[in-house]
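The structure appears below as structure tokens.
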Amino acid sequence: MEKSASPLQISTDLARLDIPMIYRYLSEESSWAVGIGRDVVERSIDNSLCFGAYLDGTQIGFARVISDYATFANLVDVFVLPAYRGRGYSKQLIQAVVDHPSLQRLRRFTLATFDAHDLYRRFGFTAPSRPELLMEKYFPNLYLS
Ligand SMILES: CC(C)(COP(=O)(O)OP(=O)(O)OC[C@H]1O[C@@H](n2cnc3c(N)ncnc32)[C@H](O)[C@@H]1OP(=O)(O)O)[C@@H](O)C(=O)NCCC(=O)NCCS
């Protein structure tokens, strides 16, 4: 009989995170943070609400939320390792993010995505209703210099 797939576990316990894996993915494979330093990755994790996704104790996905836990949050660094994609794991990860008790009744919850709009749309994210109100300081090549 075929062994059934083990369920995905999602945890916000910082101590469980596989920092070397997260650092390797972000600094080498991601489309947004190639070249980022390990110290920057660790500081960002230390100061965020982080979601690890685990299969049999091995971390295969990650999401990080920067928030004041009252009015605003920003979702960043979402990934599922390539070998585990296409199995619904990112949907479970984002569901855990939007269900988290500390991230309820926020006036604004933002994220930026290159091509995964349809993924986030299912969880209520939309294009900014008034983009003309938004401003930013953005240095996309910062980690390459
Ligand atoms: C995007 C990503 C997290 C999706 O993870 P995944 O576990 O393979 O996704 P799931 O299996 O949960 O399915 C995601 C659903 O969103 C849809 N989707 C929309 N845009 C997508 C995109 N750019 N990439 C993957 N899925 C996308 C899929 O078609 C799928 O829909 P379905 O359930 O109707 O088939 C993963 O491909 C990844 O890590 N990509 C590289 C990093 C990245 O782009 N992160 C997002 C930055 S905002």
Long-range HN-HN contacts of residue 110 with modeled amide H, under 5 Å: 73, 74, 75
Estimated FRET transfer efficiency when R0 is 25 angstrom, pair residue 69-residue 142 (beta carbons, to 0.05): 0.40
Contact order relative to length of the range 9-124, as percent, for alpha carbon pairs under 8 angstrom and 6 or more apart: 21
Karplus-derived 3J(HN,Hα), 6.51/-1.76/1.60, for each residue of the range 42-57, Hz, glycine and proline x: 5, 5, 5, 5, 4, 10, 9, 8, 10, 10, x, 10, 10, 10, 6, x
Gaussian network model of the chain, springs between alpha carbon atoms under 10 Å - residue of 61, 88, 52 with greatest fluctuation: 88
Residue-averaged [θ]222 nm for the chain, counting only DSSP H segments that reach four residues, each worth -39500 (n - 2.57): -5500 deg cm²/dmol
Which of 67, 102, 90 has the fewest Cβ neighbours within 10 Å, and the rest in rising order: 102, 67, 90
Linear extension gain, residue 18 paired with residue 58, 0.36 nm per residue minus alpha-carbon span: 13.6 nm
Inter-centroid distance (Cα atoms) of the range 1-66 relative to the range 91-131, Å: 18
Label-reachable residues, the range 64-83, where backbone N falls under 13 Å from a point 7 Å from residue 113's Cα toward its Cβ: 75-80
Top of 93, 106, 26 by mean-square fluctuation, Gaussian network on the chain, Cα under 10 Å: 106
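Bear in mind that the values in this text are calculations on the coordinates, not laboratory data. Here the structure is a predicted model, which means the values were calculated and not measured. A quick note on method: Cβ atoms are made from the backbone with ideal geometry, for glycine too, and the neighbour counts reach across all protein chains shown.
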